[in-house]
Structure formats: structure tokens, C-alpha cells
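Before any comments, here is the structure.
Read-outs throughout are calculated quantities, based only on the coordinates presented, and are distinct from any laboratory measurement. This is a predicted model, so every value here is computed, not measured. Every residue, glycine among them, receives a Cβ derived from its backbone with ideal geometry; neighbour counts consider all protein chains shown.
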């Protein structure tokens, strides 16, 4: 059975979600050790994730419009927001600490990408 790129992406994220949830229920310490290792190499991981996101976007745009991608992003944002609000106090403290620092280049690039994509979606919606 040959999979399309979109089906492959769905397989990857589905498998990662199941593995993560299983680890969280049955071996939290092991999952945390992995996450700690991943996030302490944040600069190289940040750029890898950014490049990967653009590759995924390229394939998504072969079968979806930017408007459809943004609609799917709303679903994801609401689902993630549900969890993040649960830890609101901790996130506000972290955000306060981050806001006092200069933004790293990877964050600035991320902001520019979001801005360009949002403007693109708005132009499509209103033209």
C-alpha cells in the first residue's frame, strides 16, 4: 500500500502521539529524560523543526490551500490551548522571563514565517 505524503505525515504524528501518551502513562521519567535531552539542544533542534515545518508545508500545499492549512491550525491551537491554560501560572512566569531577553534568531524567523503565512491567508480570503 503506497502512501501519499499527507498520509505519511498523518502516520508519523499519529504514531508519535500514541508513543508519547503510552510513555506518559507508563514511564513518565523516561519520557521526561528524552524531552530534557531534546530541549537542552534547543538551537539545533529549533532550526531542524523550522526546516521540517517548511518541508511539511510544501507538501500540504500540494493538496490543500493556505486557508485550509490555517483552519487546521486553529483546531490544533485550540487543542493545545486547552492543555496550556491548565498550566497558565507556570506559562505566564516563563513568558515573563522570556520577554526580558533578546529574541533568538530562530524565534524571529518563526515570527516572520507566521506573519507571511497569515498575510497570505488573509489575502486569499479577501480577494
A student applying the Cα gyration tensor rule (rounded when a/c is under 1.5; otherwise prolate if a/b is larger than b/c, oblate if not) would label the stretch 64-127 oblate
Under the helix-only model (-39500 (n - 2.57) for each DSSP H run of 4 or more, divided by the residues of the chain), the mean residue ellipticity at 222 nm, to 500 deg cm²/dmol, is -29000 deg cm²/dmol
Which of [x] 106; [y] 127; [z] 156 gives volume of the Cα convex hull per residue in Å³ as computed here? It is [z]
Expressed in nanometres to one decimal, the distance between label points 7 Å along Cα→Cβ at residue 41 and residue 59 is 2.2
The Rg/Rh figure for the stretch 1-70, Cα atoms and Kirkwood Rh, to two decimals is 1.06
